[in-house]
Amino acid sequence: MLDKPDIHGSITRLDNGLEGVGETIRRYESDLAETKMQMETAKGEVDRPFPQEAEYQEKSEQGVLLNMPKTLHRMGVIAVSADATKITEKISERVKGFRIANRIQSR
């Protein structure tokens, strides 16, 4: 035979569950406010220029140029030799020229 539900027990369980709702809402509201503050801080950081941008670009280009002979060799374009150094120098000159032309054009 099925037991009759205990109405008083059900009400007690509901009351116990509802007691924690207010605290949960306050905690989530606090978390939301903190997240909004972090979002505003992050928006300000995104708009700020990267102070070492020019240095980063220069180092990146140098890295590409230093690895150029190896890359060309792996591609089967050239054999690694003194010729590779000459090719790298020519590429370096062209990249510098391109960079200068790009700066002039962007003004």
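The values are calculated or read from the model by the stated rules, or taken from the named source; none is laboratory data. These numbers were taken from a predicted model, which means no experiment stands behind them. Note that each Cβ is placed from the backbone with ideal geometry, even for glycine, and that neighbours are counted across all protein chains shown.
Points to keep in mind about this one:
- Residue under evaluation residue 64, criteria (1) surrounded by 10 or more Cβ atoms within 10 Å (Cβ to Cβ); (2) over 26 Å from the mean Cα position of the chain (by Cα); (3) at pLDDT 70 or above, criterion not met: (2)
- Test for residue 30: is it part of a helix (DSSP H, G or I) and either within 30 Å of residue 90 (Cβ to Cβ) or at pLDDT below 85 (or both): no
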